[in-house]
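Enquirer: Structure provided below as structure tokens; questions to follow.
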Amino acid sequence: MKTAKQILPVIIFAQFCCTSLWFAGNGVMTNLLENFNLPAASLGYLTSAVQLGFISGTLVFALLNLADRFSPSKVFFICALIGAFFNLGIILQSNTLFSLIFLRFLTGFSLAGIYPVGMKIASDYFEKGLGRSLGFLVGALVLGTAFPHFLKSIETAILSWQAVIVFTSVIASLGGSLILLLVPNGPFRKPGVSPKRILSAFSVFKFPKFRAAAFGYFGHMWELYAFWAFIPVILAGFQATYQQEINIPLFSFIIIGIGSIACTLAGIISEKRGLKFTAGSALSLSGFCCLISPLVFLQPSVLILIIFLCFWGVMVVADSPLFSTLVAQNAPAEIRGTALTLVNSVGFAITIISIQLLTWLLPNLNPVYLFCFLLPGPIFGVISLVRNKSKKNKR
């Protein structure tokens, strides 16, 4: 039987392959708008459709307890194939805005069996070093999310936007197959609870440590996906204002993708400095970036802009695996997969609100002030962590 250290690279690579489905539509958003004659607001609709699909999927997975009742590797594989199929559907020339939104929704639904289930698989293999393991795993998610932007940046007459979609579907199928063939059930996996007891998963919010981790994650999610979704918008606005040429897909890939390194390093740093301290520090610095973003966006240097956004790209996601680790550690083992899925569901529901808020604000507000509206998320998350620590100290 393979060891956990041998299994982890397979999980990481599969997670990267399958989560490339997440922003496949965003990577070719300009082409979708032009090819299907869509309004500019479609950016928010299509991005939110994936998030809404993911939320719906995670709720179904949580209520049916699929990640705990059935082999998580088989669940991962099936969802990877389904997601790849629906992702492929957006290249059909007969698509309308409604059909594209529906296809992105179904793709998001399938991702509910990939991202949280991948974390569940990792937690079944690691009792110690889970923070580091989830750091690698979330890093793979971040790189997978950014990957369509990279493919778009090298688009040529040979590699069309349709080829970008096909390629992401192919590698998603590959990732799912690798999990099925090479990753059996982990040694620390415990039988799931009966569906009749699924509502008990909601009871974990009564535990202060779990609640603090979940609330910190919720504040983090208010900022994360809205930041990722609107990076190309910010770059395009800067390019138009200062008439400076920017390879928007390439820099979008770099700004988002650099977060994968941050996730890995954060997991390692947290082993020395502690999960809460490391997560709180990253969330605080990310919130500071929200606060000063107008000053950076109003200055004319492309170099300063890119450096700032890369730093923000590091801090905005570095805390993600740490919060997931805290959630996993403070949930009962028999409902750990369900608890992770449940927290993911609420977190991604929050992303829809922030994405739609920025979509509504964009035509009515100077874009340089757009990201200031992400600041409440980090503030809420940090306060949740600090309050829990204060209550613990009082005891």
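Enquirer: Is it the case, given these coordinates, that Phe76 is more than 21 Å from Tyr225 (Cβ to Cβ), crowded, with 18+ Cβ neighbours inside 10 Å and either at pLDDT 90 or above or aromatic (Phe, Trp, Tyr) (or both)? Reasoning before the result, please.
Expert: Working: more than 21 Å from Tyr225 (Cβ to Cβ): yes; crowded, with 18+ Cβ neighbours inside 10 Å: yes; either at pLDDT 90 or above or aromatic (Phe, Trp, Tyr) (or both): yes.
Against the criterion (more than 21 Å from Tyr225 (Cβ to Cβ), crowded, with 18+ Cβ neighbours inside 10 Å and either at pLDDT 90 or above or aromatic (Phe, Trp, Tyr) (or both)), Phe76 qualifies.
Okay, residues lined up against (1) under 14 Å from the mean Cα position of the chain (by Cα); (2) within 16 Å of Ser270 (Cα to Cα); (3) modelled with pLDDT of 95 or more:
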site	(1), (2), (3)
Phe288	no, no, yes
Ile307	no, no, yes
Cys310	no, no, yes
Pro321	yes, yes, no
Leu340	yes, no, no
Ser345	yes, no, no
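Enquirer: Name the residues in the range 33-54 that are crowded, with 24+ Cβ neighbours inside 10 Å and over 19 Å from Leu370 (Cβ atoms), would you?
Expert: Answer for the range 33-54, where residues must be crowded, with 24+ Cβ neighbours inside 10 Å and over 19 Å from Leu370 (Cβ atoms): Val50, Gly53, Phe54.
Enquirer: What number of residues within the range 32-71 are in a helix (DSSP H, G or I), farther than 25 Å from Gly176 by Cβ and more than 23 Å from the chain's Cα centre (by Cα)?
Expert: So the answer is 3.
Enquirer: How many residues does the range 265-297 contain that are farther than 25 Å from Pro232 by Cβ and β-branched (Val, Ile, Thr)?
Expert: Looking only at that region, the number is 3.
The values are calculated or read from the model by the stated rules, or taken from the named source; none is laboratory data. Values in this document were obtained by computation on a predicted structure and should not be read as measured data. Counting neighbours? That spans all protein chains shown, and the Cβs are built from the backbone with ideal geometry, glycine included.
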